[in-house]
Amino acid sequence: MSMLPPVTLGAGTIDAFERDGYTVIRDAITPDLRDQLLTAAEKLLASDTTQGRDRGGDGKDGFRGCLNLDRAFLPLLANPAVLPTVVQLLSPNIHLLSAHLIALPSGQPRTIRIPKRHGWHRDMYGVTADLGFCQTPRMAIKAAHYLTPVTPTAG
């Protein structure tokens with residue numbers, strides 16, 4: 001079994017996650033990998049593929065299970081820039097629950113969100129309902145890789 005090279009987490013990476021519920025890992029993918037991922041994403045989104053298709057009322061398009069649909073996404077599974085942080089936050093006993101490709105439309109922001117349905121949620125919500133928000137242990141982490149710049153008008 002191959003081992004990942006040791007990665008030193010940036011000062012404050014774990015502290016930011018503990019404080020804010022998220023952390024930012026900059027330059028987690030190389031420009032070449034980003035281009036490969038973007039090409040694969042655009043190809044899937046332009047296709048007639050229905051397996052795992054996930055379209056939303058807010059203009060969102062994407063796929064659940066994108067690792068099964070294009071091998072280009074496989075490098076994200078054990079990304080050496082991200083995986084050590086996930087392991088430190090959870091443990092080395094981790095499992096992939098899902099892998100989604102999510103594409104949001106560019107242009108004026110559109111949303112189906114309202115104050116009662118704001119969109120922010122904690123995954124593993126069934127556990128939260130049973131134990132309460134404050135008593136729910138950390139059981140899952142979502143790692144998102146942005147392939148295009150995040151701006152007010154870019155999806």
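The values are calculated or read from the model by the stated rules, or taken from the named source; none is laboratory data. Note that the structure is predicted; figures quoted are calculated from it, not measured. So basically every Cβ, Gly included, is an ideal-geometry build from the backbone, and we count neighbours across all protein chains shown. Just so you know, the surface numbers come from the protein's heavy atoms only, side chains and all, with ligands and any DNA or RNA stripped out. Shrake-Rupley method; radii C 1.70, N 1.55, O 1.52, S 1.80 Å.
Computed from label points 7 Å out along Cα-Cβ, the spacing between Arg64 and Thr148 is 2.4 nm.
Just reorder Ser91, Ser106 by solvent-accessible area, largest first, 1.4 Å probe, all chains present.
My answer, sorted largest first, is Ser106, Ser91.
The modelled label-to-label distance between Met139 and Arg26, using points 7 Å beyond Cα along the C-beta direction, is 3.5 nm.
Given R₀ = 25 Å, what would the calculated FRET efficiency be for Leu96 paired with Arg55, taking r from the Cβ atoms and rounding to 0.05? Before the final figure, lay out the partial values.
Values: r = 23 Å, r/R0 = 0.92.
Calculated value: 0.60.
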